[in-house]
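What follows is one structure encoded as structure tokens, with my remarks underneath.
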Amino acid sequence: MCVYICEVPGDSAQTAELPSSEPLIISEKSLATMMPGGLSDTKPATPDVQQLVNQVKPQFESRANVNCAVFTAIVYKTQVVAGTMYFIKVQVSDGDYVHLKVFQSLPYENQGPSLVSFQTGKTRDDPLTYF
């Protein structure tokens, strides 16, 4: 007998006991949200995401040759790799936004986040996509 714990977005975790001879069926939607390498759904920025943004702000300002008085994380997506890749929409002024691609290594590596890439000229309504 095997015990599987499944979590569907928006639902609480469900536990099911299945005989090990029965196949486990996973929908394409649930597979996409938990598959390493796949991009997550868009989520509102959290204090942890804002902390990542604050840590890579100097890297962004240096590479983009700008100084940002405002640098506020709005929404984000993640991609599980050998660590976590964050795609973050950041407000940099009243109507200007940038998309950041930030890599956070695994905890045992003891490295801070690094700015991998960014896109400027974005608006609040531009969707976060892989870049």
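Just so you know, all these numbers are worked out from the coordinates, no wet-lab data involved. Keep in mind that what you see is a predicted model, and the values were worked out from it rather than measured. Cβ coordinates were reconstructed from backbone atoms using ideal geometry, including for glycine residues, and neighbour counts include every protein chain displayed.
The relative contact order of the stretch 38-122 comes to 25 percent, based on Cα pairs under 8 Å that sit 6 or more residues apart. Working from label points 7 Å from Cα in the Cα-to-Cβ sense, the Gln111 to Asp94 distance is 4.1 nm.
The calculated FRET efficiency for the pair Thr123 and Gln55, based on their C-beta separation and a Förster distance of 30 Å, comes to about 0.75.
Ignoring lysines fewer than eight residues from Lys101 along the same chain, the ones with Cα atoms less than 17 angstrom from its Cα are Lys43, Lys57, Lys77, Lys89, Lys122.
The amide H of Ala45, built 1.01 Å from its N in the peptide plane, has Val75, Tyr76 as neighbours under 5 Å, considering only residues 5 or more places off or on other chains.
3J(HN,Hα) along the stretch 66-80: 9, 10, 10, 6, 10, 7, 10, 5, 10, 9, 8, 10, 10, 9, 7 Hz, from the Karplus curve 6.51 cos²θ - 1.76 cosθ + 1.60 with θ = phi - 60°, whole Hz, x for Gly and Pro.
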